[in-house]
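Written below as structure tokens is the structure these notes are about.
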Amino acid sequence: MAAPNENPSTKKWLPLEANPDIMNQFLWGLGLPVEEAEFYDVYGLDDELLEMVPKPVKAVLFLYPLTAETEAERLSEKEGVKKDLSEKVYFLKQTVGNACGTIGLLHAIGNVSSEIKLCEDSYLDRFFKSTAHMNPMERALFLEKDTEMEAAHLVAATAGDTEAPDINISVDTHFICFSCVDGELYELDGRKSQPTSHGPASPSSLLQDAAKVIRGMIQKNPDSINFNVIALSKKSADAL
């Protein structure tokens, strides 16, 4: 979350807690209609526990610990650039320290904007329209200067069940987002130069497809318990 990235700024935000209730209030206040979608905890990666998550799942957030191994892997990925990434993927870089939670949320909503209708002229509606034709770094700089989002993030970051840490203390966890776009599973990490494709996927199996990748990431750091998985699910008409 506080790890160095390619073009960091001096700005830092308080880290966002991995708490679906806080994320819901945060995005509902910014223009995600309550009746459209909601975040839910994923209590485990076994098939039985995945089945408990309300469907359809539209995005998966993953919080994991940063280690020397994860950083070495991230830096090595710069060597190989995958071609033919879908132009439909909405992706932005992270330049603000500790902003990975909010960037994960923006990745989640930005890649389902055709399926989840935002409140017209709300913050999120304006943000995605304003940044639609920007490149990932331009979007990052737009967010960095956005005082409305900075204020909303601060409210959300101080609303958690745990006391917010000192803003100057380095945080050793990081949020990423998994989305299915054009039949591929994409890992969206604002510290990386571009999205990472994990191969074929389908909207109906997004949670299971993301869980496979997440299991592999957890296996690389089996001694840690600092993992959280949160799903964004579109509400069905029956649930309203």
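The values are calculated or read from the model by the stated rules, or taken from the named source; none is laboratory data. As the structure is a prediction and not an experimental result, all values here were calculated from the model. Cβ: placed from backbone, ideal geometry, glycine included. Neighbour counts: every protein chain shown.
Residue pairs whose Cβ atoms lie under 8 Å apart, separated by 6 or more positions or on different chains, with the first residue in the range 191-218 and closer than 22 Å to Asp172 by Cβ and the second part of a helix (DSSP H, G or I) and among the hydrophobic types (A, V, I, L, M, F, W, C), are Arg191/Cys100.
How about the range 113-129: which of its residues are small (Gly, Ala, Ser) and over 14 Å from Gly29 (Cα atoms)? Lay out the reasoning, then the answer.
Kept after step one, since they are small (Gly, Ala, Ser), are these residues of the range 113-129: 113-114, 122.
Correct list: Ser113, Ser114.
Counted as qualifying within the range 118-214 are the helices (runs of 4 or more DSSP H) with 3 or more residues that are at pLDDT 95 or above and of a type in the set (Ser, Thr, Tyr), namely 123-131.
From Met1, Met52, Met23, grab the single residue that is touching a strand residue (DSSP E or B) at 6+ places or on another chain (Cβ under 6 Å) and either at pLDDT 95 or above or surrounded by fewer than 18 Cβ atoms within 10 Å (Cβ to Cβ) (or both).
Details: Met1 fails: either at pLDDT 95 or above or surrounded by fewer than 18 Cβ atoms within 10 Å (Cβ to Cβ) (or both); Met52 fails: touching a strand residue (DSSP E or B) at 6+ places or on another chain (Cβ under 6 Å).
Every option except Met23 fails the conditions.
Of the residues making up the range 94-106, not a single one is modelled with pLDDT of 95 or more, in contact with a Phe, Trp or Tyr (Cβ under 9 Å, 6 or more places away or on another chain) and loosely packed, with under 13 Cβ neighbours inside 10 Å.
Hey, does the range 71-80 have a residue that's closer than 22 Å to Gln25 by Cα and of a type in the set (A, V, I, L, M)? Spell out the reasoning first.
Of the residues in the range 71-80, the ones closer than 22 Å to Gln25 by Cα are none.
The answer is no; no qualifying residue exists.
Within the range 28-52, restricting attention to residues that are part of a strand (DSSP E or B) and of a type in the set (Asp, Glu), which residue is farthest from Lys212 (Cα to Cα)? Filtering the range 28-52 for residues that are part of a strand (DSSP E or B) and of a type in the set (Asp, Glu), the one farthest from Lys212 (Cα to Cα) comes out as Glu38.
Looking at the range 37-46, which of its residues are surrounded by fewer than 19 Cβ atoms within 10 Å (Cβ to Cβ) and touching a residue at least 24 places away in the same chain (Cβ under 8 Å)? Outline the logic, then answer.
Narrowing the range 37-46 to residues surrounded by fewer than 19 Cβ atoms within 10 Å (Cβ to Cβ): 40-41, 43-46.
Scanning the range 37-46 gives Tyr40, Asp41, Leu45.
So that you can scan it fast, the table gives a plain yes or no per residue for (1) more than 17 Å from Glu17 (Cα to Cα); (2) without any contact (Cβ under 8 Å) to a residue 60 or more places away in the chain; (3) polar (S, T, N, Q):
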site: Leu105; (1), (2), (3): no, no, no
site: Asn111; (1), (2), (3): yes, no, yes
site: Ala132; (1), (2), (3): yes, yes, no
site: Phe142; (1), (2), (3): yes, yes, no
site: His153; (1), (2), (3): no, no, no
site: Ala157; (1), (2), (3): no, no, no
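Check Leu61, Leu32 and return the single one that is of a type in the set (A, V, I, L, M), closer than 16 Å to Cys177 by Cα and crowded, with 17+ Cβ neighbours inside 10 Å.
On the way: Leu32 fails: closer than 16 Å to Cys177 by Cα.
Of the residues listed, the single one that is of a type in the set (A, V, I, L, M), closer than 16 Å to Cys177 by Cα and crowded, with 17+ Cβ neighbours inside 10 Å is Leu61.
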